[in-house]
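The values are calculated or read from the model by the stated rules, or taken from the named source; none is laboratory data. A quick note: this is a predicted structure, and the numbers were derived from the prediction, not measured. Positions of Cβ are backbone-derived with ideal geometry, glycine not excepted, and every protein chain shown enters the neighbour counts.
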Amino acid sequence: MIDRKSFRRDFAVMGAALARRSPSLLHEGSSWQQARIFDERQRALKAELEVLQAKRNRVSKDIGAAKSRGEDASDAIGRMAEVAGRVKALDAETKEAEDAFSRMLLEIPNPPHATTPDGVDESDNIERHRWGTPRNDAVPPHWEIGESLGILDFEAGVRLAGSRFSVLRGAGARLERALMQFMLDLHADQHGYEEVWVPAIVNSKALTGTGQLPKFADDLYRLEGEDAFLIPTGEVPITNLYQGQILDADILPIRHCGYTPCFRREAGSAGRDTRGMIRQHQFDKVELVWLLPPDGAAHALMQLLSHAEAVLQALALPYRAMDLCAGDIGFSAEKTIDLEVWLPSQQCYREISSCSSFGQFQGRRAGIRYRDAAGKPQPVATLNGSGLAIGRTLVALLENGWQADGRVCLPIALQPYMGREYL
């Protein structure tokens, strides 16, 4: 959530930053403009309320003084009732305007960081660097490879749950498990993250804290009749481990890694990646999450990025890093760098990890604070990134490791986890 003091003090500057995402964010009737209307209304009502409360106090004193002198105070009592009625009505109006202002603030995205490049969509993203040599020979798509090996069963997924679900069998199931274990070991043992195991169901407060609600309710799976949702990403429960807390500065940065299943309705992706495992309703991820003071966020993002890259390098998967432009970053992010893995069957790079800095946006929404040098509570900064999306990693391994004889060569780093060199 944006800072309401900055909203009032730097309205034009902050608005210009948001316009880098999309000029439509500032149009009449937008959350940005509505927030200003409700803020001005609640401040005007508060000012009127303070005047009336002061008047009520004076009238109360007049009544007391009149009674102490034995005088008739009926006129003053009548005025008191009139003022008290107006105070009650104004108080309700003020709370209504304040609630509306707060709701509008929840719908305003994070202004992009100054280092986030300008642009409208993914075509304006900027390549930072590449690693590895992409293979350019003819390689079957991963669903054909997996089905020929008997490790991917899409028909069973459809029978069990519908489209965009799949079943892994035998060595495919073991490969999914091996990837999870490999990634967690790497991040916990070599990169110094504390591993956590968290619920795959959270409440609306947690989703509001990290920015999925209220904006993206249509992408979430909700449990009927309950304030409970299947998580869309491990970012939600891991970040919200510290919801509503004030942290000691000396324990920062906090760095967690964790495996979670993830669930997304993919409401806005009709017709995209309908075959295979690229875009599914259920998928597995290993998530990396940082909480830290805001002045260290830029350097920390580069560290987090390098940890996600280390997974791809250990698995010998060619990739590139992309700076996302202002029009392509997520709602809560101020800066995002995507890692895109090479898929030979498509002869292109596809996203496998988004590493993002959120500034104090999520810390403010989730009420996660730390004490600064002066002892004053301040919202923490947060970062997160996939380290990595396991299903897409499996896809990349099948295609990049495919051999002309139909086998798939496994990278050396995974062979101890799989107990074999080939699928």
Looking at region 1-81, what helices (runs of 4 or more DSSP H) fall wholly within it and have at least 1 residues that are modelled with pLDDT under 80? 31-68
Taking the condition of being under 27 Å from Met418 (Cβ atoms) and under 11 Å from the mean Cα position of the chain (by Cα), how many residues in region 182-237 meet it? 2
Taking the options Leu184, Leu241, Leu207, name whichever one is under 19 Å from Thr393 (Cβ atoms), outside any strand (DSSP E or B) and touching a residue at least 12 places away in the same chain (Cβ under 8 Å). Leu184
Scanning for something free of Cβ contacts under 8 Å to residues at least 60 places away in the same chain and in the same structural domain as Asp284 (by TED's automatic domain parsing), does region 387-400 turn up at least one residue? no
Unique match (being closer than 18 Å to Asp3 by Cβ, outside any loop (DSSP other than H, G, I, E, B) and modelled with pLDDT of 95 or more) among Tyr417, Tyr370: Tyr370
The one condition in (1) buried (at least 24 other Cβ atoms within 10 Å of the Cβ); (2) free of Cβ contacts under 8 Å to residues at least 24 places away in the same chain; (3) acidic (Asp, Glu) that Glu421 fails to fulfil: (1)
Qualifying residues in region 308-320 (those that are surrounded by 22 or more Cβ atoms within 10 Å (Cβ to Cβ) and in contact with a strand residue (DSSP E or B) (Cβ under 7 Å, 6 or more places away or on another chain)) - the one farthest from Ala17 (Cα to Cα): Leu317
Checking Phe182 against (1) crowded, with 19+ Cβ neighbours inside 10 Å; (2) touching a strand residue (DSSP E or B) at 6+ places or on another chain (Cβ under 8 Å), which single condition isn't satisfied? (2)
Take Tyr242 and decide whether it is among the aromatic types (Phe, Trp, Tyr), modelled with pLDDT of 95 or more and over 30 Å from Gly401 (Cβ atoms). yes
Write out, first by first residue and then by second, each pair whose Cβ atoms fall under 7 Å of each other, whose residues are 6+ apart or on separate chains, and whose first residue, in region 33-47, is on the phi < 0 side of the Ramachandran plot while the second is not in a helix (DSSP H, G or I). Ala35/Ile108
Taking region 151-181 and keeping residues of a type outside the set (Gly, Ala, Ser), over 23 Å from the mean Cα position of the chain (by Cα) and assigned to a loop (DSSP other than H, G, I, E, B) leaves Ile151, Phe165, Arg169
